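Here the structure is laid out as structure tokens; the discussion comes afterwards.
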Amino acid sequence: MERQKFSRSRLARETRVDRSTIGLLLRDETPRLPNAQLAADVASVLGVSTDWLLGLTNRPERPGDIIAAAMALSPAERSSADSQLMEWHREAAGYKVRHVPATLPDILKSEKMLDWEYSSSRDRASAQAIVAMQEQRSWLKSGVSDYEIALPLHELRACAEGTAYYEGLDQDIRYEQLELIADFCREMFPRLRLFLFDAHRIFSAPITVFGPNLAVIYVGQFYLAFREGQRVRSLTDHFDWLVREATVDARDVAGHILSLTEK
């Protein structure tokens, strides 16, 4: 009522009940519980869900609104997509961020790697990608949040060997990239923790969990963003399972990465 600037009289009028009935619902001591029809009418008028009014969910949106908001279509422009990502990072200030990237983590990519990745794109947006990477890295170094990353072992091995996604990329760029990740993991530990898991045993789609209130699944052209508490907890549990099953612990990851670059 406060957010919608509803008075008791207006709520009573729009739900077609007496003002005294609304007063009984809002009474501090021994408030009256509404019947199902009144609960539904109040929820409809105020634009919230009956589950939220009854304390059954932490999200006030109506189910249809929640479903509509759960899938966010990322803009085609790189800068707009990165703006959304940075907003989500800032929203998670003070909470742990958990991340499973699609390739190497953007936050740990070198400028040469980003130049190579965007060399074949239509808009050659590597400059924007580099700025976005620098912003994310500055955010991490500010210390506002801890950052955990879970990555499959084969991603780093492919980078070292120049196979799969990294086929055709110069060895010097690949090795420089791996050394940058190793150095950053040593420098930022324990604020930054990178765990490596064996994709032959366990699997994860690209996800990011921004604290307790937001989890995002990346599917290519858009993100699926979940804000309902149970969904966020489920994806948090999934990430923590990846960490528990990790083959290489965060304390040992720098040495493992550097071993991949040995001639």
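Of all the residues that make up segment 1-58, how many are among the β-branched types (V, I, T), assigned to a helix (DSSP H, G or I), within 28 Å of E228 (Cα to Cα) and without any contact (Cβ under 8 Å) to a residue 24 or more places away in the chain?
Of the residues in that region, 1 qualify.
Going through T247, T261 one at a time, which residue ends up being farther than 24 Å from L114 by Cα, over 21 Å from the mean Cα position of the chain (by Cα) and touching a residue at least 12 places away in the same chain (Cβ under 8 Å)?
Unique residue meeting the criteria: T247.
Exactly one condition in (1) more than 14 Å from the chain's Cα centre (by Cα); (2) farther than 17 Å from W241 by Cβ; (3) surrounded by 18 or more Cβ atoms within 10 Å (Cβ to Cβ); (4) not basic (K, R) is false for F226; which is it?
(1)
Please tell me if V232 is closer than 30 Å to D115 by Cα, hydrophobic (A, V, I, L, M, F, W, C) and crowded, with 18+ Cβ neighbours inside 10 Å.
No; evaluated as a whole, the condition is false for this residue.
For segment 181-203, give me the residue count where each residue is out of contact with any Asp or Glu (no Cβ under 7 Å at 6 or more places or on another chain) and crowded, with 18+ Cβ neighbours inside 10 Å.
Final tally of qualifying residues: 8.
State all residues of segment 180-195 that are among the hydrophobic types (A, V, I, L, M, F, W, C) and more than 17 Å from S138 (Cβ to Cβ); if no residue qualifies, say none.
I181, A182, C185, F189, L194, F195
So which residues in segment 126-142 are at pLDDT below 90 and either among the small types (G, A, S) or not in a helix (DSSP H, G or I) (or both)?
Within segment 126-142, S126, A127, A129, A132 qualify.
With the requirement that a residue be at pLDDT 70 or above, of a type outside the set (A, V, I, L, M, F, W, C) and on the phi < 0 side of the Ramachandran plot, what does segment 39-81 give you?
Selection gives D41, S44, S49, T50, D51, T57, N58, P60.
Is there a residue in segment 131-145 that is touching a helix residue (DSSP H, G or I) at 6+ places or on another chain (Cβ under 9 Å), farther than 21 Å from L214 by Cα and either among the hydroxyl-bearing types (S, T, Y) or outside the structural domain of R227 (by TED's automatic domain parsing) (or both)?
There is no residue in segment 131-145 that is touching a helix residue (DSSP H, G or I) at 6+ places or on another chain (Cβ under 9 Å), farther than 21 Å from L214 by Cα and either among the hydroxyl-bearing types (S, T, Y) or outside the structural domain of R227 (by TED's automatic domain parsing) (or both).
The values are calculated or read from the model by the stated rules, or taken from the named source; none is laboratory data. All figures in this text were calculated on a predicted structure; none of them were measured in a lab. Every residue, glycine among them, receives a Cβ derived from its backbone with ideal geometry; neighbour counts consider all protein chains shown.
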